[in-house]
Amino acid sequence: MTEKLLSLANLDPWLARLRERGSVYAPGTDQAGEVALREWPQPEPLVLDYKNFREPPKAFFLPRNQTLLYFRDGKTVELNSAVPETFLFGIRPCDARALALLDRVFLDGDQNDPYYARLREKTTVIALACAQAMPSCFCASVGSGPGDGSGADLLAVALESGLLFRAGSGKGEGLLAEAADLLAEATPAAKREAAERIQGVTAQLTPVPTADSALRLRGSYDSPLWGTAGQKCLGCGTCSFLCPTCHCFDITDEPDRRVRTWDCCAYPQFTLHASGHNPRPTPKERWRQRLMHKFRYAVENFGVPFCAGCGRCIRNCPVSMDLRTVLKELGA
Amino acid sequence: MGRNPYLPYPARIAETVIENESRDIKTFRLAFEDPGSAAEFRHLPGQFAELSLPGAGEAPFGIASAPTEGDGLLFSIKRAGVFTAELHSLEPGAPIGVRGPLGRPFPWERMPGKNLLIVGGGFAFTTLRALIKQLLHPAQRAHYGSILVIYGARTPGELMYRSELAEWQKRGDISVHLTVDKADGGWQQHVGVVPAVLEKLKPGADGALAIVCGPPIMLKFTLPALASLGFSEDAVILSLEMRMKCGIGKCGRCNIGGKYVCKDGPVFTRRELASLPAEY
Ligand SMILES: Cc1cc2nc3c(=O)[nH]c(=O)nc-3n(C[C@H](O)[C@H](O)[C@H](O)COP(=O)(O)OP(=O)(O)OC[C@H]3O[C@@H](n4cnc5c(N)ncnc54)[C@H](O)[C@@H]3O)c2cc1C
Ligand code: SF4
Ligand code: SF4
Ligand code: FES
């Protein structure tokens, strides 16, 4: 695992080099005054100490609307336009980890999803360790953390005077090798500073000690807590659409194409049969499904919860649903 | 990378047959457009496919024909909504896409030497037809013990594959019991629900496997009846339906607990289902 230092003065020149190879997206302030991933360069300066974006970067890999097939002259065909090389600089470690989780579904070896695979292959992910935690963050309770490099090709840690890079993949090693003239060796002092910064943010997190075990407890499926939660949930889907690991989709036809769009288990139509039968008839079953999928079924199938602890579902739910409450009460 | 799993094979409707008196179930015989597709599409009874009509969408259907019936595929489809109505309006010669085969077939490897009890209700009988055709194939039949079929429908006119059922009833190597909820004038066979016929016939559970497909209400009463006849949870094999889209375990729609019906099923043993939440 190679570690290198990039001085802040060399950050723009380095991004400019990546820009020669493809599109570069980096954190910047948008028109609404929020920090988001924006195409680089922008007139406004980069922002490295933001908390996290409102939206996760999953749309780079699973676009909201994606044409799968076209209907041409009575035939159903694949028209693969070339996928451009893309660099995502500065996504937070939880969102990068979410990509490692999505890989389990879409690159499962058995039956790869060719659309996801192409975008993942052509997109280089440079994660940026967190500068501060929010009250809703609980990444360290689900096996991630403010310095988690899984899912990223490079992990960057912002230091006083520059960035410490840690390669997490062959692609990341390649990036460091190509930029050798802009980089310096990582000194022991820089490594120490990086570790301290990550520890500092980790210490700000409020742990959810039962996060990866609560839903696997006997009786959790039949708990009355689901009814209580279901009464509150509006079924709006915000939690799923903003979640970096939620990946359920629909496939529908337009006259000239077959399209995949984001879908959501909070909607009654999601599982409704043509006969009218619905295996998840009320918000209770649907909310339980979302949590069970993440914290029980994914653990059974992949050995890890399908949650990166980013806290978006907690921050954005219009009726303040908080999955940590259920995880804590069931695990208690 | 292999073939795009979302891309259907091109086929054409070769023939359509109306199966029932209500005229809402049609059997479609599909022929692949090119021999390459036909060669690649290798299915076993119990598997399903997504049928594709450009502009109208896709929907999953059990494959009603056995591979021993040669190239081409049969599907028996009930008109239930938007896609199936469009399909029912098509004439022979119309193009259609076929994506699959999908899902886990009936556990073929467990059947040799076993007595087979095949229980079906309503239009879910489709993949059981594929199974029976395969079992009765001259090169196959000797590998299995007795074959007992119980198939029920609301009325005699709602039974599918009626001429085939009549042929099977004339054979000595398979016993076919038909039952209806409501008889009409000429009906000479069982009257009553499937589980009642099962309790009347009392098939032995020793060295036997039961393969069951039917609507939830039939399963609800058939499964306890099988248990009281001595069929263990491993000896009862079921096929399930859930709303599906991708058919390959990605779109997240068809799960029961940690299992995806499209990929890990649709065929499960009763023991496998017992360990899952009853959310189907
Ligand atoms: C494994 C499997 C095998 C099946 N085999 C058969 C068969 O042999 N014969 C038959 O007539 N029907 C079968 N069905 C049911 C059939 O798929 C539905 O009746 C059909 O999808 C209804 O589509 P629709 O557009 O006409 O209905 P609409 O109500 O308009 O449905 C809209 C969409 O919802 C989805 N959908 C709705 N109901 C179901 C359902 N029960 N299962 C899956 N997706 C659904 C489809 O994507 C459909 O296009 C099977 C279903 C599954 C899962
Ligand atoms: S954001 Fe809140 S209200 Fe909306 S579906 Fe999720 S839990 Fe329910
Ligand atoms: S479930 Fe909530 S906290 Fe977990 S990754 Fe999704 S949005 Fe973030
Ligand atoms: S149909 Fe998409 S996961 Fe089963």
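The values are calculated or read from the model by the stated rules, or taken from the named source; none is laboratory data. The model shown is predicted, which means the values in this text are computed figures rather than measured ones. When we count neighbours, we look across all protein chains shown, and the Cβ atoms used for this are built from the backbone with ideal geometry, even at glycine. Protein only, heavy atoms only, side chains kept; ligands, DNA and RNA dropped before computing areas. Shrake-Rupley method; radii C 1.70, N 1.55, O 1.52, S 1.80 Å.
When you scan the stretch B:272-280, do you find a residue that is under 23 Å from B:Ile63 (Cβ atoms) and within 12 Å of ligand 1 (Cβ to nearest atom), even just one?
yes
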Fill in the blank from the handout: Being open to solvent by 30 Å² or more (accessible area, probe 1.4 Å) and touching a residue at least 40 places away in the same chain (Cβ under 8 Å) narrows A:Pro27, A:Pro13 down to just A:Pro13
Problem - Given (1) within 13 Å of chain B (Cβ to nearest Cβ); (2) open to solvent by less than 30 Å² (accessible area, probe 1.4 Å); (3) modelled with pLDDT of 90 or more, index of the condition A:Trp226 fails - result: (3)
Problem - Single unsatisfied condition, A:Cys248 versus (1) open to solvent by 10 Å² or more (accessible area, probe 1.4 Å); (2) in contact with a Gly (Cβ under 6 Å, 6 or more places away or on another chain); (3) away from ligand 2 (no atom under 14 Å from the Cβ) - result: (3)
Practice task
Would you check if A:His277 is away from ligand 3 (no atom under 16 Å from the Cβ), without any contact (Cβ under 8 Å) to a residue 24 or more places away in the chain and touching a Lys or Arg at 6+ places or on another chain (Cβ under 6 Å)?
Solution key: no
Problem - Evaluation of A:Cys264 against (1) within 16 Å of ligand 1 (Cβ to nearest atom); (2) surrounded by fewer than 17 Cβ atoms within 10 Å (Cβ to Cβ); (3) more than 8 Å from chain B (Cβ to nearest Cβ) (one fails), failing number - result: (2)
Problem - Members of the stretch A:242-252 that are touching a residue at least 60 places away in the same chain (Cβ under 8 Å) and facing chain B (nearest Cβ under 7 Å) - result: A:His247, A:Phe249, A:Ile251
Problem - Some residue of the stretch B:258-271 being among the basic types (Lys, Arg) and away from chain A (no Cβ under 14 Å) - result: yes
Exercise for the section: State whether one or more residues within the stretch B:2-15 are assigned to a strand (DSSP E or B) and closer than 30 Å to B:Ala210 by Cα. Expected result: no
Problem - the stretch B:197-232, residues that are within 14 Å of another protein chain (Cβ to nearest Cβ) and of a type outside the set (Lys, Arg) - result: B:Gly214, B:Pro215, B:Pro216, B:Ile217, B:Met218, B:Leu219
Practice task
Give me the pairs, please: first residue somewhere in the stretch A:305-318 and open to solvent by less than 10 Å² (accessible area, probe 1.4 Å), second residue anywhere and more than 6 Å from ligand 3 (Cβ to nearest atom) and among the basic types (Lys, Arg), beta-carbon distance under 7 Å, and either six or more positions apart or on two chains.
Solution key: A:Ala308/A:Arg97
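Does B:Ala59 meet the test of being farther than 21 Å from A:Asp73 by Cα, more than 16 Å from ligand 4 (Cβ to nearest atom) and outside the structural domain of B:Leu159 (by TED's automatic domain parsing)? Write out each step before concluding.
Values: farther than 21 Å from A:Asp73 by Cα: yes; more than 16 Å from ligand 4 (Cβ to nearest atom): no; outside the structural domain of B:Leu159 (by TED's automatic domain parsing): yes.
The answer is no for B:Ala59.
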Completion exercise
Among residues of the stretch B:62-102 being within 16 Å of ligand 4 (Cβ to nearest atom), in contact with a Gly (Cβ under 9 Å, 6 or more places away or on another chain) and within 14 Å of chain A (Cβ to nearest Cβ), the residue nearest to B:Ile248 (Cα to Cα) is B:Leu102
Exercise for the section: Report the residue count in the stretch B:29-48 for those that are assigned to a strand (DSSP E or B) and touching a residue at least 60 places away in the same chain (Cβ under 8 Å). Expected result: 3
Exercise for the section: Considering only residues that are without any contact (Cβ under 8 Å) to a residue 24 or more places away in the chain and away from ligand 2 (no atom under 14 Å from the Cβ), look in the stretch A:280-297 and name the one that is nearest to the other protein chains (Cβ to nearest Cβ). Expected result: A:Tyr297
Practice task
Among the residues of the stretch B:56-95, write down those that are within 16 Å of B:Thr27 (Cβ to Cβ) and under 14 Å from the mean Cα position of the chain (by Cα).
Solution key: B:Phe61, B:Gly62, B:Ile63, B:Ala64, B:Ser65, B:Ala66, B:Leu73, B:Leu74, B:Phe75, B:Ser76, B:Ile77, B:Lys78
Practice task
Just one of (1) within 14 Å of another protein chain (Cβ to nearest Cβ); (2) more than 20 Å from B:Gly247 (Cα to Cα); (3) crowded, with 22+ Cβ neighbours inside 10 Å trips up B:Glu33, so point out which.
Solution key: (3)
Handout entry: Hits in the stretch B:234-246 - residues which are within 13 Å of ligand 1 (Cβ to nearest atom) and farther than 18 Å from A:Gln269 by Cβ
Key = B:Leu238, B:Ser239, B:Leu240
Exercise for the section: Determine whether the stretch A:80-90 contains at least one residue that is at pLDDT below 95, among the hydroxyl-bearing types (Ser, Thr, Tyr) and surrounded by fewer than 19 Cβ atoms within 10 Å (Cβ to Cβ). Expected result: yes
Fill in the blank from the handout: Among strands (runs of 3 or more DSSP E) entirely inside the stretch A:98-213, those with 2 or more residues being open to solvent by less than 20 Å² (accessible area, probe 1.4 Å) and over 22 Å from A:His247 (Cα atoms) are A:154-158, A:162-167
Practice task
Could you list, in sequence order, all residues of the stretch A:268-303 that are open to solvent by 30 Å² or more (accessible area, probe 1.4 Å), away from ligand 4 (no atom under 14 Å from the Cβ) and closer than 16 Å to A:Ala214 by Cα?
Solution key: A:Arg296, A:Glu300, A:Gly303
Practice task
Return yes when B:Val194 is more than 14 Å from chain A (Cβ to nearest Cβ), within 30 Å of B:Gly57 (Cα to Cα), touching a residue at least 60 places away in the same chain (Cβ under 8 Å) and among the hydrophobic types (A, V, I, L, M, F, W, C) and no when it is not.
Solution key: no
Exercise for the section: Check whether at least one residue in the stretch B:82-97 is open to solvent by less than 10 Å² (accessible area, probe 1.4 Å) and farther than 21 Å from B:Glu15 by Cβ, and report yes or no. Expected result: no
